[in-house]
Amino acid sequence: MTFDACLIDSNILLRAALRGSPDHVLVRSALTKWISSKTALCFTHQNIAEFWNAATRPIEMNGFGLSVADADREVALFEEGMRLLPDSVSVYHEWRRMVSRYEVRGVQVHDARIAAMIVHRITHILTLNARDFARFLEIVAVHPEEI
């Protein structure tokens, strides 16, 4: 399974960075396979904001407890090996279309921020939560086990 480019979901970024995660090996293996097949790995500002939120949140508050310095180091690695899909007016309009068309409510509006991938003509997202993206007909969610 190869593509020209794929958006990497925040939950994948977290598991790739956190060596103690039960999904770390699975996620790293999937990313390595796509890198070797020349698939461009992409992320958005939203992915990094979600990563930073969960990574630096205390463990007792359902976070991963990384220091700011450790989170910063991991984000620098993502920036080095992946491509940032920039936000734009077009991304906003696509997000607005998606939340209306798919009747997105509450916290799920964050998942609709993947509108950036549609604007940048990327159809696949690597995620541990394919169910979160099932409503969006323009997107194919891929679990690391499928690679």
Fill in: Some residue of the range 77-90 being closer than 19 Å to residue 8 by Cα, touching a Pro at 6+ places or on another chain (Cβ under 8 Å) and not in a helix (DSSP H, G or I)
no
Item to complete: Scan 109, 99, 104 and give me the residue that is over 27 Å from residue 38 (Cα atoms), in a helix (DSSP H, G or I) and more than 16 Å from the chain's Cα centre (by Cα).
Response: 99
Practice prompt. Go through the range 106-133 residue by residue and tally those that are in contact with a Pro (Cβ under 8 Å, 6 or more places away or on another chain) and of a type in the set (Ser, Thr, Tyr).
Written response: 0
Worksheet item: With the range 1-67 as the region, which helices (runs of 4 or more DSSP H) entirely inside it contain at least 1 residues that are out of contact with any helix residue (DSSP H, G or I) (no Cβ under 9 Å at 6 or more places or on another chain)?
Response: 24-36
Discussion item. Looking at 134, 116, can you tell me which residue is within 22 Å of residue 3 (Cα to Cα), of a type in the set (A, V, I, L, M), buried (at least 16 other Cβ atoms within 10 Å of the Cβ) and modelled with pLDDT under 95?
Written reply: 116
Discussion item. Looking at 138, 103 in this structure, which one is on the phi > 0 side of the Ramachandran plot and acidic (Asp, Glu)?
Written reply: 103
Item to complete: Could you list all residues from the range 88-110 that are among the acidic types (Asp, Glu) and touching a helix residue (DSSP H, G or I) at 6+ places or on another chain (Cβ under 6 Å)?
Response: 94
Item to complete: Output the residue which, of all residues in the range 6-40 that are within 21 Å of residue 88 (Cβ to Cβ) and buried (at least 18 other Cβ atoms within 10 Å of the Cβ), is farthest from the chain's Cα centre (by Cα).
Response: 6
Worksheet item: In the range 47-86, how many are more than 30 Å from residue 121 (Cα to Cα) and buried (at least 18 other Cβ atoms within 10 Å of the Cβ)?
Response: 2
Worksheet, complete the sentence: Scanning the range 112-147 residue by residue, the ones that are without any contact (Cβ under 8 Å) to a residue 60 or more places away in the chain and in a helix (DSSP H, G or I) total 8
Worksheet item: So, in the range 87-103, of the ones that are free of Cβ contacts under 8 Å to residues at least 24 places away in the same chain and surrounded by 12 or more Cβ atoms within 10 Å (Cβ to Cβ), which residue ends up farthest from residue 116 (Cα to Cα)?
Response: 101
Item to complete: Select, from 3, 43, the only residue that is surrounded by fewer than 18 Cβ atoms within 10 Å (Cβ to Cβ), aromatic (Phe, Trp, Tyr) and under 18 Å from residue 122 (Cα atoms).
Response: 3
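The values are calculated or read from the model by the stated rules, or taken from the named source; none is laboratory data. All figures in this text were calculated on a predicted structure; none of them were measured in a lab. Glycine also receives a Cβ, built like all others from the backbone with ideal geometry; neighbour counts cover every protein chain displayed.
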